[in-house]
Amino acid sequence: MSKIKERVLRAQDDECKTSHRDKQRVSVVTNATRKSGKPGVTDVKGAVGSVLLTPPDSEAVRRKLESQKGVLGKSSGKIEFIFYKILLCVLYMLYACARYTQYHYNRAKILILNLAYSPSNTPQLIRQDVLKLQKLPKRLAAIVEKKREGDVGGGVSGVLNDGSDLVAWTISAGIKHLALYDFDGHLKRNVDEFRKSVFHKLTKYYDPSNVPKFAIRIPQWNKVYFNAPGQEADDTTSKKVAIEISLLSNRDGRETIIELTRTMADLCAQNEMQLSDITMKLIDSELTQLVGHEPDLLLYFGPNLDLQGFPPWHIRLTEFYWEQDNDQVTYSVFIRGLKKYAACKINVGK
Amino acid sequence: MVEHNRSSNTVDVIEKELKQTKERFKPKAPPFPYVLSPMSILEYAHAQKLRLWSFILSLACVSWALLQIQMTLTNILKMGPLPEHVSFIMDGNRRYAKSLSLPVKSGHEAGAITLLNLLTVCRALGVKTVSAYAFSIENFNRPQEEVDTLTSLLAEKLDEVARRAQDCNSELFGLRLCVVGERSRISKELNDRISSVERMTSEGDSMMLYICFPYTSRNDIYHAIYDCAETAKYHGFPAAQIDESVLTNHMMLRENSNNCDLLVRTSGHTRLSDYMLWQVHQNGHVEFSSTLWPDYGFLEFFRVLLKWSFFTSVQRRRNSRRLLRLHTACHLKETLFPRAPKHVSIEDLPSPPQAISVADRS
């Protein structure tokens with residue numbers, strides 16, 4: 001059914017040309033505070049203010065408040081209401097204090113871990129760490145995020161740097177497939193810079209005259225690039241690569257599935273395809289061709305798990321790993337994720 | 001009247017059964033330890049401690065006080081923001097049974113009790129939609145005996161929930177129940193029973209409960225795609241008009257398919273296991289807990305809800321730029337005490353000290 005794939009890709013291309021701006025991302029609530037889960041005084045004040053001033057979500061409470069009937073008389077309902085609201089504010093403050101302590105505890109832990117695990121640009125160290133593990137994931141995926149322009153490691157160059165770090169670690173660990181996801185598709189759009197950046201990073205890790213070969217695949221545009229610009233492999237023998245990297249973005253998620261539905265519906269309506277042809281297997285194989293295989297382990301380098309619209313079909317049994325309150329792409333998270341994967345047991349349904 | 005009596009009788013019977021099941025999970029008196037081995041003495045002490053605790057908790061006054069505390073906490077939480085859709089992955093029933101060396105069936109029963117308790121909490125809070133992952137399509141790979149146990153348990157519990165939903169004294173009154181999933185995989189008899197229960201509770205409007213029984217999220221998405229293609233073929237729905245909302249409304253959870261605010265997964269695995277993929281992958285908060293499902297109690301759930309509620313308030317505050325109090329305060333300040341504009345011209349500054357170069361000194 002290569003026809004379906006072609007049509008979906010074409011439709012996506014057209015759409016990409018018409019709309020350059022992507023959707024605004026809504027992050028998961030627990031990542032809402034600017035300083036990644038560490039509640040500041042302003043946050044507490046804001047929460048308290050919003051609780052005190054906005055009506056509650058619960059319909060029952062609102063109805064009760066309107067009917068103005070309390071246990072003790074006419075206005076006691078209101079007093080009860082205010083009493084509970086104040087108690088909620090107190091609970092919020094207590095929670096914020098607890099969270100604050102937890103945040104600092106986690107940060108201290110991460111600092112120590114970062115000291116303990118440092119690859120310092122040597123692949124041997126990474127391979128040694130990995131050799132202790134029982135099993136490795138076949139396919140690895142990671143979500144990278146663009147930080148604010150002014151921050152350390154922020155902006156597009158920060159994303160490129162994080163991505164190439166991950167590529168270097170993955171090659172050194174001996175994993176053959178890596179999918180890098182970023183919501184806005186910065187990596188895709190700057191693929192030439194990314195190739196240069198990966199090449200540069202690899203020359204730091206390996207012998208500059210014999211840098212591992214890599215292929216970068218962009219499923220959305222159905223393109224494959226080999227190595228850094230200017231060093232493309234021309235014959236088939238040198239197309240043997242140490243790693244295959246696919247770059248994903250928000251468009252490979254829901255939008256691809258919707259485009260696939262549209263295409264299939266259209267084909268069915270025009271009798272070019274039978275309804276009975278639509279099977280789970282077909283959809284799975286189409287989505288595998290359009291987006292890629294399901295990763296075994298998904299690493300996230302933010303403070304709280306936030307999938308950010310990662311392709312939903314592809315996270316069926318994927319193991320997630322993230323370090324609470326961490327906000328940097330570091331090797332310690334990477335290796336600890338691999339360790340967790342090595343220890344986990346997957347029994348599908350049994 | 002007779003009808004009413006009968007239903008209240010059944011509720012009594014069910015309550016009694018519930019009590020019996022709870023009774024079964026009570027720690028039993030341990031055998032007297034072998035005096036010479038310190039390990040066995042420690043074990044004995046631990047078992048006795050557990051017994052003491054369960055005895056204290058079973059005292060009428062203690063359980064009454066606990067219930068009061070629980071109600072107060074629920075009332076407090078009600079005042080803040082509430083998640084619209086809460087979902088549970090009930091994992092760890094078998095391990096729970098194994099840890100107490102009980103048959104697998106009683107583990108599942110204990111899990112059902114936990115679900116009922118949490119449903120009560122959600123209903124009291126005013127959460128509109130709750131869903132629970134009862135059985136995955138992959139679970140058909142389990143031993144036939146266990147599959148049968150699970151199906152019969154589901155039938156039993158469905159009846160119980162339906163009775164409670166109709167009983168106006170119960171905490172679950174007004175609940176609407178819906179069993180979603182690949183219904184063709186279960187027996188016709190059970191299907192009929194489920195349909196009748198769904199019809200019984202179809203009037204309920206206080207809370208929507210989805211039991212996902214043989215369900216997987218991929219299967220759900222597949223069915224939605226298939227249905228969309230079908231409407232395009234036979235009902236002339238233009239294929240170009242299919243968008244996110246159309247596809248989402250074709251999913252099994254209907255209008256609640258788009259988003260799940262809070263997903264709780266117990267027993268320590270950090271994966272979704274083919275559940276709520278579409279609902280959670282954008283900005284749903286997933287809470288992984290290492291407690292086994294039957295042990296997942298009110299307090300832990302309360303902590304999760306408080307966390308969610310706190311961060312949601314913060315986010316709402318951030319999103320709404322019109323907080324009354326601050327605005328009025330700023331406005332008042334500006335009108336009552338107008339501040340002088342802070343424009344400074346360079347001529348107004350005092351002249352800097354004399355500039356002396358080191359190099360030119362000679």
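Of note:
- Scanning the range B:78-89 for residues that are within 14 Å of another protein chain (Cβ to nearest Cβ) and either within 10 Å of the chain's Cα centre (by Cα) or in contact (Cβ under 8 Å) with a residue 12 or more places away in the chain (or both) gives B:78, B:80, B:81, B:82, B:83, B:84, B:85, B:86, B:89.
Listed here are the residues, each with its yes/no results for (1) facing chain B (nearest Cβ under 8 Å); (2) open to solvent by 10 Å² or more (accessible area, probe 1.4 Å); (3) out of contact with any Pro (no Cβ under 9 Å at 6 or more places or on another chain).
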{"site": "A:232", "(1), (2), (3)": "no, yes, yes"}
{"site": "A:241", "(1), (2), (3)": "no, yes, no"}
{"site": "A:253", "(1), (2), (3)": "yes, no, no"}
{"site": "A:272", "(1), (2), (3)": "no, yes, yes"}
{"site": "A:292", "(1), (2), (3)": "no, no, no"}
{"site": "A:308", "(1), (2), (3)": "yes, no, yes"}
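- Residues within the range B:309-344 that are at pLDDT 80 or above and over 18 Å from residue A:98 (Cβ atoms), tallied: 2
- Number of the exception - residue B:279 against (1) assigned to a loop (DSSP other than H, G, I, E, B); (2) open to solvent by less than 30 Å² (accessible area, probe 1.4 Å); (3) more than 7 Å from chain A (Cβ to nearest Cβ): (1)
- If the condition is being assigned to a loop (DSSP other than H, G, I, E, B) and surrounded by 16 or more Cβ atoms within 10 Å (Cβ to Cβ), then the range A:134-145 contributes A:136, A:137, A:144, A:145.
- Test: residue in the range B:224-233 that is more than 9 Å from chain A (Cβ to nearest Cβ), of a type outside the set (Val, Ile, Thr) and either farther than 17 Å from residue A:254 by Cβ or crowded, with 17+ Cβ neighbours inside 10 Å (or both): yes
- Yes/no for residue B:154 being modelled with pLDDT under 85, surrounded by 18 or more Cβ atoms within 10 Å (Cβ to Cβ), under 19 Å from the mean Cα position of the chain (by Cα) and in the same structural domain as residue B:139 (by the TED database): no
- Members of the range A:182-194 found to be open to solvent by less than 10 Å² (accessible area, probe 1.4 Å) and over 16 Å from the mean Cα position of the chain (by Cα), listed by number: A:194
- Among residues of the range A:72-99, those that are closer than 16 Å to residue B:308 by Cα, of a type outside the set (A, V, I, L, M) and crowded, with 17+ Cβ neighbours inside 10 Å, counted: 4
- Test set (1) crowded, with 21+ Cβ neighbours inside 10 Å; (2) within 12 Å of another protein chain (Cβ to nearest Cβ); (3) out of contact with any helix residue (DSSP H, G or I) (no Cβ under 7 Å at 6 or more places or on another chain) - residue A:304 fails condition number: (3)
For every residue, the table says whether it meets (1) surrounded by 21 or more Cβ atoms within 10 Å (Cβ to Cβ); (2) of a type outside the set (S, T, N, Q).
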| position | (1), (2) |
| --- | --- |
| A:171 | yes, yes |
| A:177 | no, yes |
| A:180 | yes, yes |
| A:201 | yes, yes |
| A:209 | no, no |
| A:218 | no, yes |
| A:221 | no, yes |
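- If the condition is being within 10 Å of chain A (Cβ to nearest Cβ) and open to solvent by 10 Å² or more (accessible area, probe 1.4 Å), then the range B:124-145 contributes B:124, B:126, B:128, B:136, B:137, B:138, B:139, B:140, B:141, B:142, B:143.
- Residues considered: B:306, B:292, B:263, B:253. Of these, the only one that is buried (at least 19 other Cβ atoms within 10 Å of the Cβ) and at pLDDT below 90 is B:253.
- Going through (1) over 13 Å from the mean Cα position of the chain (by Cα); (2) assigned by the TED database to the domain that holds residue B:210 one by one, residue B:310 falls short only on (2).
- Residue A:246 meets each of the listed conditions (1) in a strand (DSSP E or B); (2) within 15 Å of residue A:146 (Cα to Cα) apart from (2).
- Test: residue in the range A:120-127 that is at pLDDT 90 or above, outside any helix (DSSP H, G or I) and not aromatic (Phe, Trp, Tyr): no
- Hits in the range A:274-287 (condition: within 22 Å of residue B:279 (Cβ to Cβ) and surrounded by fewer than 20 Cβ atoms within 10 Å (Cβ to Cβ)): A:280, A:284
- Count of residues meeting criterion [open to solvent by 70 Å² or more (accessible area, probe 1.4 Å) and either facing another protein chain (nearest Cβ under 7 Å) or closer than 25 Å to residue B:84 by Cβ (or both)] in the range B:234-250: 2
- Residues of the range B:98-114 that turn out to be without any contact (Cβ under 8 Å) to a residue 40 or more places away in the chain and either crowded, with 22+ Cβ neighbours inside 10 Å or farther than 17 Å from residue B:291 by Cβ (or both), as a count: 2
- Residues of the range B:185-206 classified as free of Cβ contacts under 8 Å to residues at least 24 places away in the same chain and acidic (Asp, Glu), total: 3
The values are calculated or read from the model by the stated rules, or taken from the named source; none is laboratory data. All of these numbers come straight from a predicted model, not from anything done at the bench. Backbone-built Cβ (ideal geometry, glycine too); neighbour counts: all protein chains shown. These accessible areas exclude ligands, DNA and RNA; they are computed on the full protein's heavy atoms, side chains included. Shrake-Rupley method; radii C 1.70, N 1.55, O 1.52, S 1.80 Å.
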